[in-house]
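Have a look at the structure below, then the notes.
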Amino acid sequence: MKAGSERGERPMVAQADFTSYFGRPVVKETVWGRDIPSYFFLGGLAGASSALAAGAQLSGHAELARAAKVGAAGAISMSMAALVHDLGRPARFVNMLRVFKVTSPMSVGTWLLVAYTPCSLAAAASAVAGRLSRAGLAATCGAAVVGPGVAAYTSVLLADTAAPAWYGAREELPYLFIGSAASAAGGLGLCAVAPARARPAARLAAAGAATELAAEWLLDRRLGAGAEPYRSGRAGKLMRAGRMLAAFGGAGALVSRHRAVSALSGAALLAGSAVTRFGVVEAGRESARDPRYTVVPQRERLRHREQPLRMPEARA
């Protein structure tokens, strides 16, 4: 055996370039337009607002509860309109109700929407009309139970795809979406109600913003180079804008006692939540366009699997 052979064989073929047949991406890019990220944002706002409405009503904040109920009903109505517009016709949504599959985030999400939307609309109608208070309370509690699922399931829907940026962030996306939804719901409450009567909304906004920022930090730290789609290009700009708006709005929600500043903080939280959802969607699309975001993680996983096992030392 020649000296130096213990180092292993030298590769005789150059590392392959990140290309694919006919220059096509390895993973097919989604064809979603603006409807789907809008649907994500509005659904999250609605679900978290229903949870805020129930908490506000049970704690004696009637004005905040009414504003949150009306906001939730309006948001889920616009969210459903965006979804149906993306699908093309309402019959396609109805067709998804033919089955219930626990392992399918789309199927579970469809049934969550079917259970949540009537409760949200009934709670808002009772609050505005001032009638059927018991039925309104039941609808409020029902929407509050299902609402967090409506706010979170879209993150699982994204993470269950082959887009590298979404699949890679599957551990952080649920926390990011829940935090973003909570900050948006709190922001809506700050815009609608005076600061003295919106303390539950302020606390929810601050907690949501902190959760959102922490989830983004953990995502960036864990993925390392795999988080580049969230840092660069249009997605990077949107994510940075979302972080700044969330930080400003969350801080303002806690310290402000003036109506104008409180409303400005709420508007910042709403805008930050929206641009964050658009940024996440854009990051997934960008990661699907570039083959290296698919190939490099696969090579890393393969390299770790093929680490040579140490042979046990022979006994004398």
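Read-outs: derived from the displayed coordinates by stated rules, not from any lab. What you see is a predicted model, and the numbers here were worked out from it, not measured in a lab. We place every Cβ from the backbone using ideal geometry, glycine too, and count neighbours over all the protein chains shown.
Rounded, prolate or oblate: pick one for the range 32-304, where a ≥ b ≥ c are the square roots of the eigenvalues of its C-alpha gyration tensor, a/c under 1.5 means rounded, and failing that, prolate if a/b is larger than b/c, else oblate. Don't jump to the answer; show the numbers that get you there.
Numbers: a/c = 2.31, a/b = 1.36, b/c = 1.70.
It is oblate, given that a/c is not under 1.5 and a/b is not larger than b/c.
How do the peptides 161-173, 100-112, 218-230 rank, highest first, by the average count of neighbouring beta carbon atoms within 10 Å per residue? Mind dumping the intermediate values first?
Working: 161-173: 21.4, 100-112: 14.9, 218-230: 18.0.
Per-residue Cβ counts within 10 Å, averaged per peptide and sorted highest first, yield 161-173, 218-230, 100-112.
Any chance you could run the full-extension gain for Lys237 through Glu63? It's 0.36 nm times the residue separation minus the Cα-Cα distance, nm to one decimal. Intermediate values should be presented prior to the final figure.
Values: separation 174, 0.36 × 174 = 62.64 nm, distance 3.65 nm.
Gain on extension, Lys237 to Glu63, equals 59.0 nm.
When the Karplus curve 6.51 cos²θ - 1.76 cosθ + 1.60 is applied with θ = phi - 60°, which whole-Hz ³J(HN,Hα) does each residue of the range 260-269 get, with x for Gly and Pro?
5, 5, 4, 5, 5, 5, x, 5, 5, 5
Using 0.36 nm per residue of separation minus the Cα-Cα distance, give me the extension gain between Arg34 and Ala251 in nm, one decimal.
Numbers: separation 217, 0.36 × 217 = 78.12 nm, distance 2.94 nm.
Extra length from Arg34 to Ala251 when fully extended: 75.2 nm.
Using each residue's phi in the range 206-213, evaluate 6.51 cos²θ - 1.76 cosθ + 1.60 at θ = phi - 60° and report the 3J(HN,Hα) Karplus result to the nearest Hz, with x for Gly and Pro.
Karplus-based 3J(HN,Hα) across the range 206-213 equals 5, 5, x, 4, 5, 5, 4, 5 Hz.
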